[in-house]
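The values are calculated or read from the model by the stated rules, or taken from the named source; none is laboratory data. What you are looking at is a predicted structure, and each value in this text was computed from that prediction instead of being measured. In this analysis, Cβ positions are derived from the backbone assuming ideal geometry, glycine residues included, and neighbour counts consider all displayed protein chains. With ligands, DNA and RNA removed, areas are computed over all heavy atoms of the protein, side chains included. Shrake-Rupley method; radii C 1.70, N 1.55, O 1.52, S 1.80 Å.
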Amino acid sequence: AQRIARLETSGSTFHAVSTSNTYEKIVLEAIAHKGGGSVRRAGKKPAETAFRLLSEAAQPSVKNLTVTFEGLRTARVYPETLPHLPVGHQQTVLGRFLPGEGTQNGQVVVTGNLGGKPIRYATEVSIHEDEEGNSFLPRLWARQHLDALLTRGRSAAAKQEVVSLSQEYDIITPFTSFLVLKN
């Protein structure tokens, strides 16, 4: 993934297609990131997958997509660089809100270019300190953070952080495994 990121590919778009159920997600995402492409599996209906890929490539997409948080304390937002967003698709952005006293009020602003014209969307957001019902979100964020850590190298410090986070959130990584016992 690091070698792919260093390649000079200005003006090109890459799409990564997996033909099996097992693939290196980090590597395929690094390929797709070059020029704002996408990652998909061929699945059981490769013709449908190919048609969707061609449809995506033929339509304009939102380019230079950014998300900013005004008035909200955030950290480690992923993906760090957003891909181009094809028409009819959505992008999940995960991050951590830094703790504070009481409710945080702010604005989430999405900007980009569609068909060469600037676009901007904004919405007001309130984050409550004791928000319930979102218990699945920390684990989703942890998966994204682990992927980011794994692409940065395999130093002893990075490996320790990956193992610690993996154990805290029960997520398997190249450095960890889990044993599930049946009662």
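A few remarks follow.
- The range 7-34, subset out of contact with any strand residue (DSSP E or B) (no Cβ under 7 Å at 6 or more places or on another chain) and not in a loop (DSSP other than H, G, I, E, B), residue nearest to Pro46 (Cα to Cα): Lys25
- For the range 74-91, filtered to residues that are farther than 21 Å from Ile127 by Cα and under 11 Å from the mean Cα position of the chain (by Cα), the residue that is most open to solvent (accessible area, probe 1.4 Å) is Glu80.
- Test: residue in the range 43-63 that is outside any helix (DSSP H, G or I) and acidic (Asp, Glu): no
- Scan of the range 64-82 for residues that are within 26 Å of Leu165 (Cα to Cα) and not in a strand (DSSP E or B), ordered by number: Leu72, Arg73, Pro79, Glu80, Thr81, Leu82
- Selection from the range 100-130 of residues that are in a strand (DSSP E or B), over 13 Å from Thr66 (Cα atoms) and among the charged types (D, E, K, R): Lys117, Glu124
- Which listed residue, of Ser126, Ser135, is open to solvent by 70 Å² or more (accessible area, probe 1.4 Å), without any contact (Cβ under 8 Å) to a residue 40 or more places away in the chain, among the polar types (S, T, N, Q) and farther than 24 Å from Leu53 by Cα: Ser135
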